1. Taking the condition of being more than 14 Å from chain B (Cβ to nearest Cβ), free of Cβ contacts under 8 Å to residues at least 24 places away in the same chain and more than 16 Å from the chain's Cα centre (by Cα), how many residues in region A:3-57 meet it?
2. Those residues that are under 15 Å from the mean Cα position of the chain (by Cα) and closer than 23 Å to B:Val168 by Cβ, I need them from region B:227-253; list them, please.
3. List pairs: first in region B:358-373 and more than 10 Å from chain A (Cβ to nearest Cβ) and over 24 Å from B:Leu398 (Cα atoms), second surrounded by 23 or more Cβ atoms within 10 Å (Cβ to Cβ) and small (Gly, Ala, Ser), Cβ under 6 Å, 6+ apart or cross-chain?
4. For B:Val332, state whether it is assigned to a helix (DSSP H, G or I) and either more than 14 Å from chain A (Cβ to nearest Cβ) or at pLDDT 95 or above (or both).
5. Among the numbered criteria (1) basic (Lys, Arg); (2) assigned to a helix (DSSP H, G or I); (3) in contact with a Pro (Cβ under 8 Å, 6 or more places away or on another chain), which single criterion is violated by B:Lys35?
6. For the structure I just gave you, tell me whether B:Leu98 is in contact (Cβ under 8 Å) with a residue 60 or more places away in the chain, outside the structural domain of B:Pro129 (by TED's automatic domain parsing), assigned to a helix (DSSP H, G or I) and not aromatic (Phe, Trp, Tyr).
7. Name the single residue that is surrounded by the most Cβ atoms within 10 Å (Cβ to Cβ) among those in region B:335-357 being within 12 Å of another protein chain (Cβ to nearest Cβ) and part of a loop (DSSP other than H, G, I, E, B).
8. Taking the condition of being over 18 Å from B:Val176 (Cα atoms), surrounded by fewer than 23 Cβ atoms within 10 Å (Cβ to Cβ) and touching a Gly at 6+ places or on another chain (Cβ under 9 Å), how many residues in region B:105-128 meet it?
Amino acid sequence: MQLDDLYRRVIMDHYKNPRNRGKFEEGALTVDLNNPTCGDRISLQLIVEGDVVKDARFTGEGCSISMSSASMMTEAVKGRTIEDAMELAGRFSRLMMGETVEFDDYEDLEALSGVRKFPARIKCATLAWNALKKGIQAEI
Amino acid sequence: MSIHAEELKKQFPILQQEINGHPLVYLDSAASSQKPMVVIEALKHYYEWDNANVHRGVHTLGSRATDAYENAREKVARFIGAARREEIIFTRGTTTSLNLVASSYGAANVGEGDEIVITPMEHHSNLIPWQQLALKKKAVLKYIPLQPDGHIDLADAEKTITPKTKIVATAYVSNVLGVVNPIKELAAIAHRNGAVMVVDGAQSTPHMKVDVQELDVDFYAFSGHKMCAPTGIGVLYGKKQLLEAMEPIEYGGEMIDDVGLYESSWKELPWKFEGGTPIISGAVGLAAAIDFLEGIGLEEIHRHEAKLATYAMNRLSEIEGLTLYGPREREVGLITFNLLDIHPHDVATVLDASGIAIRAGHHCCQPLMRWLEASATARASLYLYNTEQDIDRLAEALIQTKEYFG
């Protein structure tokens, strides 16, 4: 087992220096999601104007994989249309299911492909994305 | 006589393998123990020679299966010191056993304004059944507070348990804190107030001599799979007069006396609680596991684990940045910790890369995690096959984990 496949430098950077961590004062849509089997929690906030995700923030508790994935997701999704954001979420799901997909639009996400070798950890990587999908579905 | 864990380990085929290129160190027996060859052989023998349904057929295999199943009950009764074999009900596990007590005894004996007393250290399976019963019956769920190190103070128990209390339920051994609760004293307080004492024995039965009559508990639940037996078999012990007054919660074959179109009557104990084809092979495996454990000696197993737990507490407390939860002194092999602010999932993944299996998460104890102010913890749990070398491997791997995430 190659641990470095899982814990790539990019992942550790997002874990130790999370982007968009925090809460909005107001005007945000909030989605709380937890992973009952392990206790990971995320509270995702989206500011949606028209059909554009203007901004995203998150707070939560979890392992390096779930928190770095949340950091990357919020970074990747900002400024996208809802349709684009859903397409990206779909691409990320396909990555987790073992497909080869490209992330030219946000290359950091490729670092999470190593998670696939650790089946027990896939649910860590998908938590933030499930919150995103839940939030967007609530919005539309 | 003391245990030769290295020799015992050889009797567990699963422990002979390598995981990720390293000899397996299995430190997750509190979640589920491994199975010795004698138990695996007993299951194989049952299916190759004796398998049939019980209490039905007149043919030879039916008799053999029935004998094997009922002999297992007899063995369990003796193993936990029950007065009678009919006080032993076979279930799917501790969870099912505790739910049976809540759904049957609880539903009939707890009313509005009555109290149910538990502790914050309970596993979800000894918490939610009481919480839901209290909600349904408008009863009051009360918690005996924990001392800073996780112990229960009997003076607090005296204050919490009152004449309004109908049920007191707690674990004998906490699956997180490694605390051994004063069950005999709690049972005495419960009885003085007219309540029954229900004990979750999931973490005690595999590791120490238990005598339900000596403890004077009313109900005692445990699982086979944590004590070298297969998954899917568990036990509910209950005092005869209580069980006799209780209604079955599962209806079907096996548990009936006479069935009419509009009403039915039930078999006598213990079968009225065992609707449907029971877990026959599981009972056979449990009997083999009891023989195996008694062959070593429960006192010996307890002593070995207490000694190893102390060794582990000492080794781990030398690691800078490692937080140990629960009391410093340990007499059972449950050690819960966190390493710096590294998430326990990450710790468990890095340890797994070194062939070391531990548990990470909330251990089905979310209220206790909140009390510990930890969202999750890592836990190493010991059994008769663990050695000081296993603990050394754990300690070394934890130091490497720290360096990796450092």
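The values are calculated or read from the model by the stated rules, or taken from the named source; none is laboratory data. Bear in mind that the values here come from a model prediction, so they are computed numbers and not experimental data. Counting neighbours? That spans all protein chains shown, and the Cβs are built from the backbone with ideal geometry, glycine included.
1. Count: 5.
2. Passing the criteria: B:Gly234, B:Val235, B:Leu236, B:Tyr237.
3. Partner pairs satisfying both residue conditions: none exist.
4. Numbers: assigned to a helix (DSSP H, G or I): no; either more than 14 Å from chain A (Cβ to nearest Cβ) or at pLDDT 95 or above (or both): yes.
So B:Val332 does not fit the description; no.
5. (2)
6. Spelling it out, it is not the case that B:Leu98 is in contact (Cβ under 8 Å) with a residue 60 or more places away in the chain, outside the structural domain of B:Pro129 (by TED's automatic domain parsing), assigned to a helix (DSSP H, G or I) and not aromatic (Phe, Trp, Tyr).
7. My answer is B:His343.
8. Of the residues in that region, 0 qualify.
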